[in-house]
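Worksheet: one structure, shown below.
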Amino acid sequence: VQLQASGGGLVQAGGSLRLSCVASRRTYGTYAMAWFRQAPGKEREPVAEISRNGANTRYADSVKGRFTISRDNAKNTVYLQMNSLKPEDTAVYYCAADYGRILTATDWEYSYWGQGTEVTVSS
């Protein structure tokens, strides 16, 4: 599956952005989807994930209550709504997919990755 992320940009602290990621496959509904991010000089970290049917989600503690992941299987698209943005949210954001994955509380193992979209939050 090929993934194409978009929606990044420059925003002031406290502002909002919505990222989108379109998948190439028509069997998109069989893939769990996720967003990760990598800040300059830091390792990539998970942000949020959503189950194949959208019923279950999981978030990193750092974004809980501010970010919302959702998906539209009819459009092969996953979204990340980011509100109350902070300068520490500045990073390149990547979407990822994993075939047949069942969300767990322990790992963030994903097989397919898209290119990143850059988010910069100014103070």
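Where a number appears in this text, it was derived from the coordinates with a stated rule and is not lab data. What you see is a predicted model, and the numbers here were worked out from it, not measured in a lab. Counting neighbours? That spans all protein chains shown, and the Cβs are built from the backbone with ideal geometry, glycine included.
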Computed over the chain, the relative contact order (Cα-Cα under 8 Å, seq sep at least six) in percent reads 36 percent
For the pair Asp72 and Glu43, the simple spin-label estimate (label points 7 Å beyond Cα toward Cβ) gives in nm 3.6 nm
Rounded to one decimal in nm, the spacing of the 7 Å Cα→Cβ label points at Gln12 and Glu88 is 2.2 nm
Per DSSP, the loop-located trypsin sites (Lys or Arg not before Pro) within segment 43-123 having at most 11 other beta carbons within 10 Å are Lys64
Honestly segment 1-104 on the Cα gyration tensor test (a ≥ b ≥ c root eigenvalues; a/c under 1.5 rounded, otherwise a/b vs b/c for prolate or oblate) is just prolate
